[in-house]
Each structure stands twice: as structure tokens, then as C-alpha cells.
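Below is one structure, written out as C-alpha cells, with a few remarks after it.
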Amino acid sequence: EEVGIDRARLVLDAAEFEALAKGGRHRDALDLYRGDLLEGFHIANAPDFERWLDEERQRLRELAAQAAWNLAERDDAGCTDVERVALVHRAVQLSQGDEPGVRRGMRLLARLGDRRGALALCERFTARLRDELGAAPAAETLRLAAELRRPPEEASEALPSEPAPTAA
């Protein structure tokens with residue numbers, strides 16, 4: 001009547017990934033995260049399972065994105081600037097083009113001295129918005145891109161920051 005799993009005898013990569021990420025071992029977690037949970041797996045006529053699987057995929061993807069952001073943003077993470085740039089791109093990709101995440105990535109790339117990369121990130125996001133949704137980036141994104149296009153000696157000391165979240 002029941003089926004169980006002896007966790008002492010079975011290693012689940014998703015569970016291990018989650019434990020590493022939540023335990024602050026971001027590099028190890030990202031090394032283990034290779035993509036969506038059960039990618040390509042489908043059970044016909046099981047909408048509750050499909051909904052659960054979609055939610056788990058999203059939750060684990062967000063955890064991986066946060067691990068990448070944590071490493072990219074920490075000056076003491078033991079990463080080179082090249083590694084941090086790669087982590088920014090991975091975090092943005094895992095965030096699936098979340099616009100505040102794109103701006104976060106643009107700011108961090110600019111801080112790492114990669115203004116051209118920050119603008120390229122914005123351009124890819126803008127093209128995707130236009131092509132897939134027929135939309136344009138938010139005003140904050142456009143302001144940030146305009147600031148990044150200015151020569152560094154003319155740019156303001158601090159890049160425009162995100163507005164503070166408003167209480168709901």
C-alpha cells in the first residue's frame with residue numbers, strides 16, 4: 001500500500017542542491033545544478049503533478065539564480081572578475097529575463113568594468129521583449145542604459161539605483 005525511499009541509500013541531486021544552496025555553499029550548489037528538475041519529463045492526464053513539477057522547477061531555478069547572484073556580488077567570494085561576469089550572465093539566464101534582474105546584472109557588470117557587456121545584456125533583453133512581447137523595457141532600464149552609454153568620465157559617480165519596493 002505504501003512506497004518509501006531510504007534516503008540513506010539514495011542520493012537525490014535536487015535535495016543535495018537545495019541543501020547546499022540554503023547552507024550557503026553557493027559554488028558547490030551551482031556546480032550541481034545542471035538545469036530544470038526532470039526536464040522533458042511529462043505524465044499525461046496528471047495536471048496536479050504537472051503543476052507541482054512546474055512550481056518545483058521554478059523554485060529550484062530561483063534558488064540557483066540567488067546562489068549565482070550571491071557569488072557574483074560578493075567581493076570576498078574568491079572569484080576572479082571573469083568568473084563573476086560569467087556568474088552574472090548565469091543569474092540573469094536563470095532569472096529568465098526578469099527585468100529587475102537584468103538591471104541588477106547591468107549594474108554589477110558596470111561595477112566590474114564591463115560597461116560594454118552591461119549594454120549588450122540590455123540590448124539582448126530589449127530585443128527579446130520586442131520580438132516576443134512587442135514591448136519595450138521599463139524607463140528605469142532605459143535610464144540605466146543611457147547612463148552606461150556616457151563616457152565613464154562624464155557618467156555620474158553612482159549608477160541609477162532601483163527604486164525602493166513599495167508596501168503592498
Q) Just for helices (runs of 4 or more DSSP H) wholly inside segment 60-141: which have at least 3 residues that are under 22 Å from residue 19 (Cβ atoms)? A) 81-94
Q | Pairs where the first residue, in segment 70-84, is in contact (Cβ under 8 Å) with a residue 40 or more places away in the chain and the second is assigned to a loop (DSSP other than H, G, I, E, B) and open to solvent by less than 70 Å² (accessible area, probe 1.4 Å), C-beta under 7 Å, 6+ apart | A | 71/77; 71/79
Q. So is residue 16 within 16 Å of the chain's Cα centre (by Cα) and surrounded by 11 or more Cβ atoms within 10 Å (Cβ to Cβ) or not?
A. no
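So for segment 46-53 (the condition being closer than 26 Å to residue 107 by Cβ, among the aliphatic types (A, V, I, L, M), part of a helix (DSSP H, G or I) and open to solvent by less than 70 Å² (accessible area, probe 1.4 Å)), does at least one residue qualify? Let's see the steps before the verdict.
Step one: filter segment 46-53 for residues closer than 26 Å to residue 107 by Cβ, giving none.
The answer is no; no qualifying residue exists.
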Q.
Please pick out the residue among 63, 32 that is over 16 Å from residue 95 (Cβ atoms) and either in contact with a helix residue (DSSP H, G or I) (Cβ under 9 Å, 6 or more places away or on another chain) or open to solvent by less than 40 Å² (accessible area, probe 1.4 Å) (or both).
A. 32
Q: Test each condition in (1) without any contact (Cβ under 8 Å) to a residue 24 or more places away in the chain; (2) closer than 19 Å to residue 141 by Cα; (3) open to solvent by 70 Å² or more (accessible area, probe 1.4 Å) for residue 96 and report the one that comes out false.
A: (1)
Q: Could you check, for segment 70-77, whether at least one of its residues is exposed (fewer than 11 other Cβ atoms within 10 Å of the Cβ) and not hydroxyl-bearing (Ser, Thr, Tyr)?
A: yes
Q. Is there any pair with a first residue in segment 21-49 that is farther than 18 Å from residue 96 by Cβ and a second that is outside any helix (DSSP H, G or I) whose Cβ atoms are under 7 Å apart and which are 6 or more apart or on different chains, and what are they?
A. 49/43
**Q.** residue 126, sole failed condition from (1) open to solvent by 10 Å² or more (accessible area, probe 1.4 Å); (2) without any contact (Cβ under 8 Å) to a residue 24 or more places away in the chain; (3) out of contact with any Pro (no Cβ under 7 Å at 6 or more places or on another chain)
**A.** (3)
Q: Please tell me if residue 105 is open to solvent by 60 Å² or more (accessible area, probe 1.4 Å) and small (Gly, Ala, Ser).
A: no
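The values are calculated or read from the model by the stated rules, or taken from the named source; none is laboratory data. Computed from a predicted structure; not experimentally measured. Cβ sites come from the backbone with ideal geometry, for glycine too, and all protein chains shown count toward neighbours. These area figures cover heavy atoms from the full protein model, side chains too; ligands, DNA and RNA do not enter into them. Shrake-Rupley method; radii C 1.70, N 1.55, O 1.52, S 1.80 Å.
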